[in-house]
Amino acid sequence: MNTTGPNFGPERVFDTAYRGGKKLVFEFFKNLTILSTVSILIIVSFMEKIFESPTHHGLVIWAVFLLALTVLCSLFPMKGLAGLVEASGTINSNLVSVVGLIAIFSFAIAFVLMGVFFSLNFNIPVQSG
């Protein structure tokens, strides 16, 4: 078995590992997009059913906006990474990094806002005696 030929050199191993890493990053952004989309659907579907008279609607509006921003900012790196994995193309990694960080922070901030909204509006009745 020839392990020194053109198919088994260090360049081939590096290329395979590089593509594998890019596939993992692609999967991360895909999952972030799915989580954000499902979160928007859950917020829109169940908001009125959970709370009778919610206050601080601005937090929900900002959370939905940030989740939508997460979806949009996740699609850009996914498009670039898909092309990079399929072919030996190039991608502007600085731009992907910035847009990816915007997606990650938007997702995190949206969930913090939703947590604040729920804590301000979730009233547990206190039973006395």
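Annotations
- Count - residues of region 49-69 that are surrounded by fewer than 15 Cβ atoms within 10 Å (Cβ to Cβ), under 15 Å from V112 (Cα atoms) and of a type in the set (A, V, I, L, M, F, W, C): 2
- Filtered by the rule that a residue be loosely packed, with under 15 Cβ neighbours inside 10 Å, hydrophobic (A, V, I, L, M, F, W, C) and within 15 Å of S97 (Cα to Cα), region 13-27 gives a lone residue, L24.
- Meets criteria (at pLDDT 85 or above and either surrounded by 12 or more Cβ atoms within 10 Å (Cβ to Cβ) or part of a helix (DSSP H, G or I) (or both)) for K30: yes
- Test: residue in region 70-82 that is within 14 Å of M114 (Cβ to Cβ), in a helix (DSSP H, G or I) and either modelled with pLDDT under 75 or within 18 Å of the chain's Cα centre (by Cα) (or both): yes
The values are calculated or read from the model by the stated rules, or taken from the named source; none is laboratory data. These numbers come from a predicted model, not from an experiment. Virtual Cβ from ideal backbone geometry, glycine too; neighbours counted across all protein chains shown.
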